[in-house]
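Here's the structure, in structure tokens; my notes come after.
The values are calculated or read from the model by the stated rules, or taken from the named source; none is laboratory data. Being a predicted model, the structure only gives us computed values, none of them experimental. Using ideal geometry, Cβ is built from the backbone for each residue, glycine included, and neighbour counts are taken over all protein chains shown. Note: accessible area is taken over every heavy atom of the protein model, side chains too, but ligands, DNA and RNA are not part of it. Shrake-Rupley method; radii C 1.70, N 1.55, O 1.52, S 1.80 Å.
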Amino acid sequence: MELTSLTVLVDILDAGNLSQAARNLKMTRANVSYHLHQLEKSVGVQLVRRTTRRVEPTEVGLRLYAHGRAIQNEMLAARETIATLGQGLQGRVGLSVPSGYGQMVMSNWLIDFKRLYPGIVLDVRFENRVDDLIRDEVDIAIRVMPEPPPTLVARDLGSVRYIACASRAYAEAHGLPQTFEALRAAPVITSGVVGKQLRLRGYQGELRQEVMLEPTIISEHFPFLRQGILAGLGVGLVPDYVVQDAVTSGEVLTTLDEWRLSIFGTQMFMLYMPDRHQTRAVRTCIDYLLGRALPTQA
């Protein structure tokens, strides 16, 4: 069994198909196919099943994948040790963070992290995509969701509190909605999911309410939503950190405070691959972000 062929199997299964694996490895597809054929020939069994879109491991293929992944990780760790010998902490960390939480909360954390570790390259994406969270260029993803994907390691970063709120000027002119039906009839300012109707759920003890919303302003850019709320254009449904300072000052008023509101879920998770090699830079970033999000548990 050739070590190169075993590690190529890992790349094939990570990529999902031979063509993408070839691009990732900067090899020809024929060369990738050759290594897979040689590995299957050496073990005497089929290791992957080909479909029209991707390849899936057989039981033996999955076991060999685990061994190949462990070998790859050890090789990467050895290379990192040699490359950083006698140097400060270096490397690259790819982060995918929510557009709102990332801009309004995590940006300061990441700036502080960069000051602490100037040798680490931070590659930060502000996005809300929920499909294909962990790609080759992303080591860590932060997301608000009801349940984390079972295929990823999920670290709970705590709950996110959504509030219904409006500027004092809007409240004086139109009043604040006191029921979910009144909220449905109000001009709502919130984020949304492309192609899906927005559903707001409220929980109060054993009580549960649900209402479909048709917002007047929808955006993934939370600073813009904040501007719309402060301008008195409607009732905001946003995480509390978006307008917390304006609520404290009295410029923004809240309503339906007795309800726990949920639109996209109420838990924040840090997500990463369970079997991908984590460099010292990535591990350091994970620990740092956990310490900032959960300071009492750090």
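Assorted remarks:
- Trp109 contributes an accessible area of around 30 Å² to the protein surface, as traced by a 1.4 Å probe with all chains present.
- Extending 7 Å from Cα along the Cβ direction at Arg125 and again at Gln90 yields two label points whose distance is 2.6 nm.
- Amide hydrogen proximity for Ile163: with H placed 1.01 Å from N in the peptide plane, the residues at 5 or more positions away or on another chain lying under 5 Å are Val238, Asp240.
- Relative contact order of the chain, defined on C-alpha pairs under 8 angstrom at six or more residues apart (%): 22 percent
- Protein accessible area in segment 95-239, 1.4 Å probe - carbon and sulfur %: 50 percent
- Close amide-amide hydrogen proximity is noted between Arg125 and Leu95, Ser96, Val97, each under 5 Å apart and 5 or more residues distant or on a separate chain (H modeled in the peptide plane; Pro and chain starts excluded).
- Full extension of the chain between Glu206 and Glu181 gives 7.1 nm of extra length, using 0.36 nm per residue less the Cα-Cα distance.
- Calculated from backbone phi, Karplus (6.51, -1.76, 1.60) coupling profile of segment 203-209 in Hz, x at Gly/Pro: 10, 9, x, 8, 7, 9, 10
- For segment 64-69, putting each phi into the Karplus relation 6.51 cos²θ - 1.76 cosθ + 1.60 with θ = phi - 60° gives couplings of 5, 4, 4, 5, x, 5 Hz, in residue order, rounded to whole numbers and with x for Gly and Pro.
- Helical mean residue ellipticity (222 nm; -39500 (n - 2.57) per DSSP H run of 4+; nearest 500) of the chain: -11500 deg cm²/dmol
- Spin-label model distance (nm) - Met75 vs Val45, 7 Å beyond Cα toward Cβ: 2.3 nm
- At R0 = 22 Å, FRET efficiency that the Cβ-Cβ distance of Trp109 and Arg161 yields, to 0.05: 0.70
- Gln267 long-range amide H proximity, modeled H, under 5 Å: Met145, Val160
- Note that segment 210-217 has calculated 3J(HN,Hα) couplings of 9, 9, 8, 10, 10, x, 8, 9 Hz, one per residue in order, obtained from phi through the Karplus relation 6.51 cos²θ - 1.76 cosθ + 1.60 (θ = phi - 60°); glycine and proline are x.
- Residue-normalised accessible area of segment 3-84, given per residue in Å² at a 1.4 Å probe: 60 Å²
- Between segment 207-259 and segment 13-62, the Cα center-to-center distance that results, in Å: 50 Å
- Projected label points at Thr151 and Ala173, each 7 Å from Cα along the beta carbon direction, are separated by 4.9 nanometres.
- Probe 1.4 Å, accessible area per residue of segment 162-262, Å²: 51 Å²
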